[in-house]
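What follows is a set of notes on a single structure, which appears directly below.
The values are calculated or read from the model by the stated rules, or taken from the named source; none is laboratory data. As the structure is a prediction and not an experimental result, all values here were calculated from the model. Cβ atoms come from the backbone with ideal geometry, glycine included; neighbour counts cover every protein chain shown. Note: accessible area is taken over every heavy atom of the protein model, side chains too, but ligands, DNA and RNA are not part of it. Shrake-Rupley method; radii C 1.70, N 1.55, O 1.52, S 1.80 Å.
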Amino acid sequence: KEANSPNNALTAVTDLPHTRNELGELVVPSRTGYAMPDNETAPNSDYQAALDQARSYLIYESVSRKNLIEQLEYEGYTLQASEYAVDNCGADWNEQALKSAKSYVEFSAFSYNGLMNQLEFDGFTESEVDYARENSSFDWNAEAVESAAKYIEYLDYNCREQIVNMLVFDGFTDEQAA
């Protein structure tokens, strides 16, 4: 790839204006606004490794921007490299929220409120959760039936009132729980 190729921003940053930080180190701003020291422009830099790792995660799971940054930091990448990676990995965070919602419902019974709360807990923004809500078409009645069946099977709940109370506690509406 050529240095000025739009897909090779790491080597192309040397073409950008640069300054020195408070320690006198040469700093080259990236095209995304994150400052990268000049020693971070090599293809095998921390930034490129973080970007590769972020893309790898997104192949196998849906994750919020916030949680992906935290995961990269946990693995030892700097905050700057982690932010650079998530901002340049090509993820559509709205679609990540929708995929996450679908994954949760596929593997477990969720109420509407429970699912939206879970997405928020997972670090998706309000607008990303709204996107997932507006673009999903889950059958909440079927989710309530599945959840009730699990209560009967795993918790040995046989009393209808107990099951209805648990479903309402889980965020299902009275109509869905009935």
Inset, instruction - Hey, could you check region 150-178 for residues that are aliphatic (A, V, I, L, M) and touching a residue at least 24 places away in the same chain (Cβ under 8 Å) and say which is nearest to ALA101 (Cα to Cα)? - result: LEU167
Legend entry - Selection within region 96-117 - among the charged types (D, E, K, R) and more than 13 Å from the chain's Cα centre (by Cα): LYS102, GLU106
Inset, instruction - Specify which of the listed residues (ALA50, ALA85, ALA81) is of a type outside the set (Lys, Arg), in contact with a strand residue (DSSP E or B) (Cβ under 9 Å, 6 or more places away or on another chain) and over 28 Å from GLY171 (Cβ atoms). - result: ALA81
Legend entry - Failed criterion for ASN158 (all others in (1) open to solvent by less than 60 Å² (accessible area, probe 1.4 Å); (2) outside any helix (DSSP H, G or I); (3) not hydrophobic (A, V, I, L, M, F, W, C) hold): (1)
Inset, instruction - Read through the list (1) assigned to a loop (DSSP other than H, G, I, E, B); (2) modelled with pLDDT under 95; (3) surrounded by fewer than 21 Cβ atoms within 10 Å (Cβ to Cβ), then give the number of the only condition that ILE152 fails. - result: (1)
Inset, instruction - Within region 161-175, identify whether any single residue is open to solvent by less than 20 Å² (accessible area, probe 1.4 Å), modelled with pLDDT of 85 or more, aliphatic (A, V, I, L, M) and assigned to a helix (DSSP H, G or I), and answer yes or no. - result: yes
Inset, instruction - For region 95-107, indicate whether the set of residues that are touching a helix residue (DSSP H, G or I) at 6+ places or on another chain (Cβ under 6 Å) and farther than 25 Å from ALA148 by Cα is non-empty. - result: yes
Legend entry - Output for region 118-160, where each listed residue is over 28 Å from the mean Cα position of the chain (by Cα) and of a type in the set (Ser, Thr, Tyr): TYR151, TYR154, TYR157
